[in-house]
Amino acid sequence: VGNLDDSNPSSSALHGVNEFITEAYFENHASLIDSDFQGFISKEIPPEFCEVLQDKLEPVPKLSISHRHLIGEGSHRRLSSSIRLEIQPGSKFTLPAHFCDAILVERLPSGVFADPFELQHLLQRGVFTGAAVFGDTNLELPSVRSNRSIVEIHMDIGPNILSGNNNGLEINLEVPLHARYAPLGENGFSRIEFSPPDLFTRCSFEGNSHKQSCIFLSTNTSFELKAGAVVWDVPCGIKKHTGIVSVVTFFSAIVSALLIVFTAFHYSDTTGCKNLKQM
Amino acid sequence: MATISFRSLMLFSAVLRLFFIIYGEWQDTHMEVRYTDVDYLVFSDAAALMALGKSPYKRSTYRYSPLIAFLLIPNALIHRTWGKILFSVSDLLVGYFIRTILKLRGVPENLCTYSVMVWLLNPFTFTIGTRGNCEPIVCAMVLWIIICLMNGNLLHAAFWYGLVVHLRIYPIIYAFPIILTLDQSHFQSGKKPILTDWSSSKIQSTNGSGSIKITDPCHIWVSLKSMFTRGRLLFGLISAAVFFFCTGFFFYLYAWEFLHEALLYHLTRTDPRHNFSIYFYHIYLHYEHEFALSEKLISFLPQVTVQLVLIWRFAQDLPFCFFLQTLAFVAFNKVITAQYFVWFFCLLPLVLPWTNMKLKWEGWACILFWIGAQSHWLMWGYLLEFNGKHVFMQLWMASLLFLAANTYVMVTFILRHTSSPVFKRLEHGLSNIPTKID
C-alpha cells in the first residue's frame, strides 16, 4: 500500500471510515477483482446516502466524467479525466460551511501501474490533496509477474461548493501511469483497456456535536465513452523472435569472449619500447 | 598545450561540481524533469527511515548496504544535498588517488594531470556524483586499495577490500589478481614493495609478462605450496572477516530483507526490461518460463572465461588487469546500466600512461565507436520507451553493437599496452628499500 495522504487538516474521516476508500478493500482482499470491488463499494458506500445530512441535502449533486483520454506516448503517460459536478437548479441546501474533495478511484488494468513516489511528488507540489496506490506497487515486474492495483486521488473542489450559486463545476485531473512489460504476443503490441473510474464527493463540515464530519456522495458513473474505451497499445516482444534472438545472443557473447581471449593469449611481452604519451 | 597545475584542476573540478549540485536543486524545483537521479531519492528515503530507527528496506527498491543509508542520514537531519556533496567529494578524491597512484610509479607531472583530467572533466563522471549516485564512493575505495597495496599496507588493503565487496559485490572479481600479486617475491615481511617505475624501458621477462608460467608437475607442486603465503592468507582472512562481519551485523539488524535486497538480488538479478546488455531481449522472451540450467551456464561461460584469462595474463599489471576485468564484467553482464561505466572510468586514467595508443586516430576510434554505439542504443531505447514504437529487435541489435564496441576497446587496449607489472622482485636478505620514485 502506498498511502500518501496530505489532505487538508480541516477535513477528517468520519469515525470508523478510512481516509482512503480503497484501503478497506485491501484489508480483506489479497488482489483486485472487479466484481469483488463493486460489491465492496455497494456494501461499504451506499449510493447517494449520508445519514448525517440526509434531510439537508436534496437532491444529491451528481458527479460525471465528461471527457477521458490518455496523454503522451510510449511507456509513460497521463490518464486525463474531466469530472463534472452538477448541482441541479432549485436544489435545497441547508448545509453549514464545508470543504469538499472529489475522489477518483481508478482500477488500473493489468499491465499498468502508478508510481507512489511520483504521486508523492505531485502531492508535495499541491496538484492533489490526497493520493494513494493500493495493490501491487512493485515498479519493476513485468505483467506476467504482477497483480493489479488501484489509484485513489483526492482533489479539492473548493469550500461551500454545495451551497453556493454554482450550477456545476468541472475538474481536470491527470494521473501519471506507466506500462509494464507486456506478455509476449504475435503482432508486437498488447492492448490495455481502462474501465470507467469510480467517483465520490466527500465534504467535511462543522456539525452540532462534532467538530468535523464527512458526507459521502457517491455516483457510479454511467459514463459512456463517446469515442470508445480508453485504450493503450503497449509494444511487446514477439514470440517467434525467441529462437533467433537466443542463438545470436549466445553466439555474439562467445565470439566476443574468444576475441578477447585470443588477443590476451597472443599479447606480446615485448610490445616495443614505451613512447612518451602524446595526449 | 599550456600546462595546468593539479591544484587548479582540482579547484576547477570542485567548483564545477558545486555548480551542478546547486543547478540540480533549481531544476528539481522548477522543472518537471528532475536533475536528481531516482536512486538518490531512494537513498534519502531509506536514510530518513534509518534516522527514525526503522529499516531502510521499508523503502521499496532500496537495494544497497545499510551503510549507504547511514552515510546519508544528514540528508534528513541537515539538508537533502548532503549526499550529493559527499559523493562529489568522493569523486574529487578519486581524482586525487589517481594522481597519487601515478606519482608513486614515477609518471611525469603533465601526464599525471592529463590522466586525472580524463576522470575529473569527463561529463559522465561529474554528473554521476552531482545527480546523487553513490558509485564515486566505491571507486574511491577501489583506488585506495591499490594505493595501500602499493605502499605495502596489506592490512589496510584487506580491510577496505572486505568493506567494498560488502558495499558493491562486483569488486569480488579483483580477489584473484590481488591474491596473485601478493607474491613473496614482491611482499616480504618488514619490507616495502618496490614499484616499477614508468620511465624504465626494460621490460622484465617472465614476471614482466604478468602471466603465470607453470611447467612441470614438480613446479606445479612448488607453485601450489607457495600460493599460501603469509600475505595472501592475511589478506584473505581479514577481508573475508570484514565482509562477513558486515553481513552478519546487518543480518542481525534487518534479517532476510537485508540479505535479499542488498546481496541476493544482485547475484540473481535478471531484468527483462531494456538495458545495454545483449541478454535483455533473450531474458524478456523467456521470462514466462524458467531458464534451463544449460541456458544459465551458457550465459555464464563467456564472462567466466574472459575473467580467468585476463587474470592469468595481466594480474601482475594490477591496474591494467582491474581495468580490463571491470570493462569485461560490465560488457558481459546480464544487466548493464549507465552507472556501471563509472567502475572502469575510474581505472582508465591508471592505464593511459602505459598505452601506445595515439589519440589520432586509434584513441578517437575507440571513443567514437563506444560513444556512437551507446548513442545508437539510446536512440532505439527512446523510441521504445518514450515513443511507444515496436523496436525490440533494433534495440537488441544495438546492444550487440555496443558489445562489439566494448570488445573493440578491450582488444585495442590490450594490443597497445606496454606491460608494466606494478611490483619488482625483492632480493632476499636486503633491508628496507624505499619505493623508487622519480
Note: among B:ALA262, B:ALA338, B:ALA292, B:ALA315, just one is more than 10 Å from chain A (Cβ to nearest Cβ), free of Cβ contacts under 8 Å to residues at least 60 places away in the same chain and among the hydrophobic types (A, V, I, L, M, F, W, C), namely B:ALA292
Scan the stretch B:151-166 residue by residue and report those that are crowded, with 22+ Cβ neighbours inside 10 Å, closer than 19 Å to B:THR326 by Cβ and aliphatic (A, V, I, L, M). B:ALA157, B:VAL164, B:VAL165
Between a first residue in the stretch A:74-96 that is surrounded by 16 or more Cβ atoms within 10 Å (Cβ to Cβ) and a second residue that is modelled with pLDDT of 85 or more and among the polar types (S, T, N, Q), which pairs have beta carbons less than 6 Å apart while being 6 or more apart in sequence or on different chains? A:GLY74/B:ASN387
Here are some conditions: (1) open to solvent by less than 10 Å² (accessible area, probe 1.4 Å); (2) under 20 Å from A:VAL261 (Cα atoms); (3) not polar (S, T, N, Q). B:VAL335 meets all but one. Which one does it not meet? (2)
Kindly indicate whether any position in the stretch A:264-278 is modelled with pLDDT of 85 or more, at the interface with chain B (Cβ under 9 Å from one of its Cβ atoms), surrounded by 11 or more Cβ atoms within 10 Å (Cβ to Cβ) and over 51 Å from the mean Cα position of the chain (by Cα). yes
Of the candidates B:LEU86, B:LEU77, B:LEU49, the one satisfying the condition of being under 22 Å from the mean Cα position of the chain (by Cα) and farther than 30 Å from A:ARG77 by Cβ is B:LEU86
Quick one: which of B:VAL42, B:VAL33 is surrounded by fewer than 11 Cβ atoms within 10 Å (Cβ to Cβ) and of a type in the set (A, V, I, L, M)? B:VAL33
So, restricting to helices (runs of 4 or more DSSP H) that lie completely within the stretch B:340-385, which ones have at least 2 residues that are open to solvent by 50 Å² or more (accessible area, probe 1.4 Å) and either farther than 19 Å from B:MET397 by Cβ or not aromatic (Phe, Trp, Tyr) (or both)? B:364-385
Residues that are open to solvent by less than 10 Å² (accessible area, probe 1.4 Å), touching a residue at least 60 places away in the same chain (Cβ under 8 Å), more than 7 Å from chain A (Cβ to nearest Cβ) and farther than 22 Å from B:HIS282 by Cα: does the stretch B:392-408 have at least one? no
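Using the structure shown, decide if B:TYR265 is surrounded by fewer than 16 Cβ atoms within 10 Å (Cβ to Cβ) and more than 25 Å from A:THR242 (Cβ to Cβ). Outline the logic, then answer.
Values: surrounded by fewer than 16 Cβ atoms within 10 Å (Cβ to Cβ): yes; more than 25 Å from A:THR242 (Cβ to Cβ): yes.
Considered against the rule, which asks whether it is surrounded by fewer than 16 Cβ atoms within 10 Å (Cβ to Cβ) and more than 25 Å from A:THR242 (Cβ to Cβ), B:TYR265 comes out as yes.
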Residue satisfying all of: in the stretch B:282-296; open to solvent by 70 Å² or more (accessible area, probe 1.4 Å) and part of a loop (DSSP other than H, G, I, E, B); modelled with the lowest pLDDT among these: B:GLU290
Would you tally the residues in the stretch B:257-281 being in a helix (DSSP H, G or I) and under 28 Å from B:ALA158 (Cβ atoms)? 11
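The values are calculated or read from the model by the stated rules, or taken from the named source; none is laboratory data. Small disclaimer: the values here were computed from a predicted structure and weren't measured. Note that we place each Cβ from the backbone using ideal geometry, even for glycine, and neighbour counts take in every protein chain shown. These area figures cover heavy atoms from the full protein model, side chains too; ligands, DNA and RNA do not enter into them. Shrake-Rupley method; radii C 1.70, N 1.55, O 1.52, S 1.80 Å.
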